[in-house]
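The block underneath contains the structure these notes are about, expressed in structure tokens.
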Amino acid sequence: MRLEELHPPFGLRIRSGDLEMHPVRMDDIPVLLDLIATGVVSADIPGYPLAGPFALGDDTMARRRSSLRFWWQSWVDATPERWAFPMTVLRGGVVVGVQDILARDFPTIRSAETGSWLGVQHQGKGTGKLMRQVMCTFAFDHLGARELHSGAFHDNHRSLGVSRAVGYEFNGRRLMLRGNGEASEEVLVRLTPDRLVRPEVPVEVDGLGPFLDFLGLAD
Ligand SMILES: CC(C)(COP(=O)(O)OP(=O)(O)OC[C@H]1O[C@@H](n2cnc3c(N)ncnc32)[C@H](O)[C@@H]1OP(=O)(O)O)[C@@H](O)C(=O)NCCC(=O)NCCS
């Protein structure tokens, strides 16, 4: 028996042109851990602009352990009521980073949140925008999302630039702990299907049926 028959997220594959993403698999993990070790925060951004596992500042071992726990947890804990799918992103066949999507009570609420990172060497080449466009298109067209949320610290201009370019609207502010140990203002953004700026190349999905069934979203 193949693993994806028991755990359908392992059979999901989303593509647009030379970009592919799929829920993180065991084989991806060593490369993703190497990317984290090499760096995720570019030198032009002052102080770590990230929350979550990356709020651990310079301690790359702790950041890698924290990401590992999150990826493993995503395999164990996914239910229709609560799921998180960190997806390995490849560009031209090369692993470049992770695009996450998370939700609670999605079959009823149809609202989800996204987050993402790229290895520093893969930033600033349009991949961050494309992977978010692909994920949002997948969430609206294939999962039936009604809204998508995201956010970034006020001085994370690249991340906010991606949100603007993909069609998100300003949706408030809140204080969050960032990786340099300080409280900092996060800018919240929200996207609805009518505002989505789609990728130029259409999104293709493999393994959708069993994935929808697994999440209680099949008709
Ligand atoms: C945020 C991140 C995923 C963006 O990906 P990227 O590949 O570097 O960004 P892109 O090259 O796709 O740029 C996307 C858009 O932002 C704009 N942009 C880039 N840098 C910018 C800047 N300094 N100021 C304003 N806009 C900027 C680009 O012009 C582009 O928009 P456009 O297509 O309309 O011109 C990536 O930089 C990253 O991993 N950063 C570190 C981790 C992180 O901060 N994650 C987000 C946490 S909330």
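Structure notes:
- Contact annotation: residue pairs with Cβ atoms under 9 Å, 6 or more positions apart or on different chains, pairing a residue in segment 63-75 that is more than 18 Å from HIS22 (Cβ to Cβ) with a partner that is part of a helix (DSSP H, G or I) and among the aromatic types (Phe, Trp, Tyr), are ARG63/PHE54; SER66/PHE54.
- GLY126 meets each of the listed conditions (1) modelled with pLDDT of 95 or more; (2) touching a Ser or Thr at 6+ places or on another chain (Cβ under 7 Å); (3) near the ligand (Cβ under 8 Å from one of its atoms); (4) not aliphatic (A, V, I, L, M) apart from (2).
- The listed residue being of a type in the set (Phe, Trp, Tyr) and surrounded by fewer than 14 Cβ atoms within 10 Å (Cβ to Cβ), out of PHE170, PHE211, PHE153: PHE170
- The residue pairs whose first member lies in segment 1-16 and is free of Cβ contacts under 8 Å to residues at least 40 places away in the same chain, whose second member is surrounded by fewer than 20 Cβ atoms within 10 Å (Cβ to Cβ), and whose beta carbons are closer than 7 Å, counting only pairs six or more residues apart or on different chains, are PHE10/LEU3; PHE10/GLU4; PHE10/ARG25.
- First in segment 105-129 and farther than 15 Å from GLY161 by Cβ, second anywhere and more than 8 Å from the ligand (Cβ to nearest atom) and of a type in the set (S, T, N, Q), Cβ under 6 Å, 6 or more apart: GLY119/THR38
- Leading residue by the ranking (farthest from ARG132 (Cα to Cα)) among those in segment 156-167 that are buried (at least 18 other Cβ atoms within 10 Å of the Cβ) and aliphatic (A, V, I, L, M): LEU160
- Selection within segment 105-123: residues that are assigned to a strand (DSSP E or B) and more than 8 Å from the ligand (Cβ to nearest atom). The member of this set that is farthest from the chain's Cα centre (by Cα) is SER111.
- Verdict on MET135 being part of a strand (DSSP E or B), surrounded by 13 or more Cβ atoms within 10 Å (Cβ to Cβ) and more than 8 Å from the ligand (Cβ to nearest atom): no
- Only listed residue being modelled with pLDDT of 95 or more, within 14 Å of the ligand (Cβ to nearest atom) and not in a loop (DSSP other than H, G, I, E, B), chosen from ALA152, ALA165: ALA165
- Within segment 173-192, if we keep just the residues that are of a type in the set (Gly, Ala, Ser) and part of a loop (DSSP other than H, G, I, E, B), the residue that is surrounded by the most Cβ atoms within 10 Å (Cβ to Cβ) turns out to be GLY179.
- When the residues of segment 73-104 are filtered to those that are of a type in the set (S, T, N, Q) and over 20 Å from VAL189 (Cβ atoms), the one that is nearest to the ligand (Cβ to nearest atom) is THR88.
The values are calculated or read from the model by the stated rules, or taken from the named source; none is laboratory data. Treat the numbers as computed from the prediction; the structure is a model and nothing was measured. All Cβ positions, glycine included, derive from the backbone under ideal geometry; neighbour counts span all protein chains shown.
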